[in-house]
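Structure first, then comments.
The values are calculated or read from the model by the stated rules, or taken from the named source; none is laboratory data. Since we're looking at a predicted model, the values are computed, not measured. Cβ coordinates were reconstructed from backbone atoms using ideal geometry, including for glycine residues, and neighbour counts include every protein chain displayed. Each accessible area value is taken on the protein alone, full model and side chains, heavy atoms only, with ligands, DNA and RNA left out. Shrake-Rupley method; radii C 1.70, N 1.55, O 1.52, S 1.80 Å.
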Amino acid sequence: MACVLCGQPIQIEWTLTKIFTLTKVRAPHLCRACLRQFTRIDQANACPGCGRADSPTLCYDCQRWQKAGYPLLHHRAVFQYDGAMKSFIQQYKGLGDWRLHVAFQDLIQPPKSTYVPIPTEAGHYQARGFDPVLGLFDHLSLHQWLEKADTPVPQAQKNRAGRLMTPQSFSVRPLVSLAQISQITLLDDLYTTGRTLYHAADALREAGFHGTITSFSLIR
Amino acid sequence: MRYAGMQLLLDDIKSDLSVAQAVPAMTTDGRCMRCGQKQAVTLPIGWRYCPVCVNLGRVVEGQSLFRFEAPRFPPTASLTWQGELTHAQQQASAELCASVKAQREHLLWAVTGAGKTEMLFPAIAQLLNKGGRVGVAAPRIDVVRELAPRLAQAFAHTPMAVRYGGAPWPKQDVQLTVLTTHQLLRYYHCFDLLVIDEVDAFPFAHDAALMYAAQHAVIGSMVWLSATPDQKLLQQGRRGKIGLSTLPRRFHGYPLPVPKLAWVKKVHLPQQLPQPLLDQLKKLVTTHRVLLFVPDIDWLRPIVKALRRQLNVAVQSVHAQDEAREAKVLAFRAGEIQVMVTTTILERGVTIHRCAVVVLSADSPRFGHDALIQMAGRAGRAADSPDDPVWFYVQHYTRDLQVAITTIEQLNHMKAG
Ligand SMILES: [Zn+2]
Ligand SMILES: [Zn+2]
Ligand SMILES: [Zn+2]
């Protein structure tokens, strides 16, 4: 197997735990040298609300969401948004290099749940030829229950205040029945302010969902 | 016309679109027209793109590649360089000029430190004077950055551009382009002379897309430069299929330092450094700066830590993706760092005075014979210390070690020609 970032062959280290545990081991798609560039978030020290690194107690931003009346998403993310991750996102979403969608799949193992990905705007899908969020998580069983109306300014081009003011643009697709479901995990590529994910959670609740909603992303 | 001789995607073009010739960016059977590779990947939406050259912007089926003509410049006297070539350099340079005149390929096989760049000047001037376009390409960005100012100085009145990923686009048409081999993908039938430095180096070597790019970027002659050419290219030269000049001597005329072998047990590396190695390093740092090559990036940290404890000098490490790389290399050249532990060959054209080379685990499969020759070639470049020591620490004697050492010995016994 070749590394999807550098093309070098990947040597899989068969540790005893990997051999003896019965959990399904997914083959890595990145070589050791490439993977090492990225910084993992230490989950034990991450914010319990948003998964931010080095914030073992509820961070200020999460306290604001809580005060504003939002039930916390208890978000988890795998990696920090550092230089290496920015250039990964640039190649994957910016250049549109679809091959990279598998890069982290062996490391993306959110707790068991009903997975609902955050949808991409139709215009972006047309330009890119793929949905970057669906790509990152397409090793999981996904439920595409949400849809998104086109917005004039993409989230990525806004500053923090602009992002927080973004109006709701998600809705639950017609004919989706949420009655039998007790837990949903929203999936996204990147958690920045949380605005997108809290909007998505709102949309699910407005559609009559009464269970627990958590969220998960590759990057925080 | 700022895009003369280039082939670009619509997104790259800010002006002059109407004068370009549009060709399909991908053939119906999935071959990319920019890099020549047929490895198209189908997107979930159904269309295909070329992953091989995607870093220069995505080539997608159904889109166009816009090609711009490369008109000639008026004749001039271009060479402003005042230096002089040694006798051996002159001879190689004359052979090169003859090949360029005859529009044939030429391999210039020159040891590191032979003064390759200066030998190119007459051939480059020959074409620039006639109004032709010249490209000088190298696989690694460091080499491009290092070549550019020397060429700019040698051809002071010639419009020149430097092209690498992230460099600003040229504002005007240029006659001389210094670029990474990767950027050659953006040129089509442009250069009357294309020089490719370090043909043997990653990422150019064994990269079909870059070879395709080089062959399509040139319309005149191609010149390959190498200190360690592969057998195929050498064979072509020896059989007279392409021109060949050999420069086995450094410009100062002294032979290359021949690596000496020292045996060590590798079991405890990198956590425990063998005592003979430490003793050797202690001795070397009293007279030399030391470049210590190691095969694995994971070795840098423990070795630096150990050496800082054991040696009473400044020890640093650097690797290819190191963000502080440029500053560290400068500090090493300036003598502020005595021992540099590294996984990478650093800037090849740079001369460091009194620099000893130690390769730890030189028998590692990560070091091919060409890399070993390059690493050894870091030593003895300055005229005041042509015999800087080179040590290879090994546990086994490998074929690559044998080839590297015999090649260096052969070069030392060879006469120019
Ligand atoms: Zn890799
Ligand atoms: Zn938080
Ligand atoms: Zn291509």
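Roll a 1.4 angstrom probe over the protein heavy atoms and tell me the percent of accessible area of chain A that is carbon or sulfur.
Summing carbon and sulfur atoms, their accessible area is 56 percent of the total for chain A.
Note the count of lysine pairs whose C-alpha atoms are less than 22 angstrom apart in region B:260-413, limited to pairs 8 or more residues apart or on different chains.
Close lysine pairs under the 22 Å cut-off: 12.
Report the label-to-label distance for B:Leu10 and B:Glu323 in nanometres (one decimal), using points 7 Å from each Cα along the Cα→Cβ vector.
That separation, rounded to one decimal, is 3.7 nm.
Using unit Cβ charges (K, R positive; D, E negative) and no other charged atoms, how large, in debye to the nearest 20, is the dipole of the protein assembly as shown about its Cα centre?
Roughly 520 debye for the protein assembly as shown.
Expected output is a single nm value to one decimal: the length gained when fully extending between B:His353 and B:Thr27, i.e. 0.36 nm times separation in residues minus the C-alpha distance. What is it?
112.1 nm
Could you rank B:Arg239, B:Arg366, A:Arg173 by how accessible they are, 1.4 Å probe, largest area first?
Heavy-atom accessible area, descending, gives B:Arg239, B:Arg366, A:Arg173.
Heads up, I need the accessible area for A:Thr193: 1.4 angstrom probe, whole protein in place, Å², nearest 10.
Estimated to the nearest 10 Å², A:Thr193 gives 10 Å².
Would you give the gap between the C-alpha center of region A:97-124 and the C-alpha center of region B:296-326, rounded to a whole Å?
Taking the Cα centre of each part, region A:97-124 and region B:296-326 sit 38 Å apart.
In a Gaussian network model over chain B where Cα atoms closer than 10 Å are linked, find which of B:Asp16, B:Asp370, B:Asp200 has the largest mean-square fluctuation.
Taking springs between Cα atoms under 10 Å, the residue moving most is B:Asp16.
Taking every DSSP beta bridge that has both residues in region A:72-201, what percent is antiparallel when rounded to the nearest 5?
40 percent
Rounded to whole Å, give me the distance from the Cα center of region B:135-214 to that of region A:167-220.
Their Cα centres are 50 Å away from one another.
Near A:Lys112, which lysines are there with a Cα under 16 Å away, not counting those fewer than 8 places off in the same chain?
Correct list for A:Lys112: A:Lys24.
Using Cα-only point scatterers and the Debye equation, what is log10 of I(q)/I(0) for chain B at each q in 0.09, 0.12, 0.13 Å⁻¹, rounded to two decimals?
Taken in order of the listed q values, log10 I(q)/I(0) reads -0.61, -1.02, -1.14.
Report the local net charge at A:Leu218: Lys and Arg +1, Asp and Glu -1, summed over other residues whose C-beta lies under 10 Å from its C-beta.
That works out to -1.
Where in region B:88-109 is the amide nitrogen less than 17 Å from a point lying 7 Å along the Cα-to-Cβ axis of B:Arg239?
Under cut-off, by backbone N: B:105-107.
Assuming R0 = 41 Å, can you tell me the calculated FRET efficiency for the pair A:Leu142 and B:Arg366, based on Cβ-Cβ distance, to the nearest 0.05?
FRET efficiency, A:Leu142 to B:Arg366: 0.50.
Cysteines of chain B lacking any other cysteine beta carbon under 4.7 Å?
B:Cys97, B:Cys190, B:Cys355
Select from B:Arg186, B:Arg249, B:Arg333 the residue whose mean-square fluctuation is largest in a Gaussian network model of chain B (Cα-Cα springs shorter than 10 Å).
B:Arg333
When only the heavy atoms of the protein chains count and the probe is 1.4 Å, how do B:Asp197, B:Asp207 rank by accessible area, highest first?
These residues rank, largest area first, as B:Asp207, B:Asp197.
Regarding region B:7-68, what are the three Cα extents along the principal axes, ordered largest first, in Å?
33, 18, 17 Å, listed from the longest principal axis down.
In units of 2.2 N^0.38 Å, what is the alpha-carbon radius of gyration of chain A?
Here the Cα radius of gyration is 1.04 times the empirical estimate.
What fraction of the DSSP beta bridges in the protein assembly as shown is antiparallel, stated in percent and rounded to the nearest 5?
20 percent
Suppose R0 equals 60 Å. What FRET efficiency, 1/(1 + (r/R0)^6) with r the Cβ-Cβ distance, do A:Arg32 and B:Ala156 give to the nearest 0.05?
The calculated FRET efficiency here is 0.80.
Taking the Cα centre of region B:87-247 as origin and charging only Cβ (+1 Lys, Arg; -1 Asp, Glu), how large is the dipole, in debye to the nearest 20?
The calculation lands at about 280 debye.
Which lysines have a Cα lying under 19 Å from the Cα of B:Lys171, excluding residues fewer than 8 positions away in the same chain?
Candidates past the 8-residue exclusion: B:Lys14.
Based only on the alpha carbon positions, what is the Kirkwood hydrodynamic radius of the protein assembly as shown, in angstrom?
Here the Kirkwood hydrodynamic radius works out to 28.0 Å.
Using a Gaussian network model of chain B whose springs link C-alpha atoms within less than 10 Å, name the residue from B:Ala201, B:Ala110, B:Ala327 with the highest mean-square fluctuation.
B:Ala327
For region B:194-271, list log₁₀ I(q)/I(0) at each q in 0.11, 0.16, 0.18 Å⁻¹, using the Debye formula over Cα point scatterers of equal strength and ignoring solvent, two decimals each.
-0.48, -0.79, -0.89
Give me D for region B:170-219 in µm² s⁻¹, whole number, from Stokes-Einstein with Rh from the Kirkwood sum over alpha-carbon pairs, 20 °C and 1.002 mPa s.
190 µm²/s
With each pseudo-label sitting 7 Å past Cα toward Cβ, what's the A:Asp54-B:Ala262 distance in nm, one decimal?
A separation of 4.0 nm, rounded to one decimal place.
Can you pull the accessible area of B:Ser18 for me, 1.4 Å probe, Å² to the nearest 10?
In the full protein context, B:Ser18 sits at about 110 Å².
Report the one residue of B:Gln172, A:Thr120, A:Leu186 whose Cα lies farthest in the direction of the positive end of the charge dipole of the protein assembly as shown (charges on C-beta: Lys and Arg +1, Asp and Glu -1; origin at the Cα centre).
Going by the charge dipole, the pick is A:Leu186.
Highest first, please rank the peptides B:150-157, B:389-396 by the mean number of other Cβ atoms sitting within 10 Å of their residues.
Highest-to-lowest ranking by the protection proxy: B:389-396, B:150-157.
Going by alpha carbons, how many degrees (0 to 90, nearest 10) lie between the helix axis of A:195-206 and the longest principal axis of chain A?
60 degrees
Whenever you get a sec, line up B:Arg381, A:Arg40 from highest to lowest accessible area (probe 1.4 Å, protein heavy atoms).
The most accessible residue leads, giving A:Arg40, B:Arg381.
Lysines within cross-link reach of A:Lys158: Cα-Cα under 23 Å, excluding same-chain residues under 8 positions apart?
Partners within reach: A:Lys86, A:Lys93, A:Lys148.
Treating only the Cβ of Lys, Arg, Asp and Glu as charged (+1, +1, -1, -1), what charge dipole size does chain A show about its Cα centre? Round to the nearest 20 debye.
300 debye
For the charge dipole of chain B, defined by +1 on Lys and Arg C-beta atoms and -1 on Asp and Glu C-beta atoms about the Cα centroid, which residue among B:Val359, B:Thr86, B:Met33 has the Cα displaced farthest towards the positive pole?
Positive-end residue among those listed: B:Val359.
Return, for the Cα atoms of region B:260-413, the radius of gyration and Dmax in Å, separated by a comma.
In Å, with Rg to one decimal and Dmax whole: 14.4, 42.
A:Asp131 accessible area, nearest 10 Å², 1.4 Å probe?
Counting only protein heavy atoms, A:Asp131 exposes about 20 Å² to solvent.
Using only the alpha carbons of region B:87-247, what is the convex hull's orientation-averaged projected area in square nanometres?
In nm², the orientation-averaged hull projection of region B:87-247 is 8.7.
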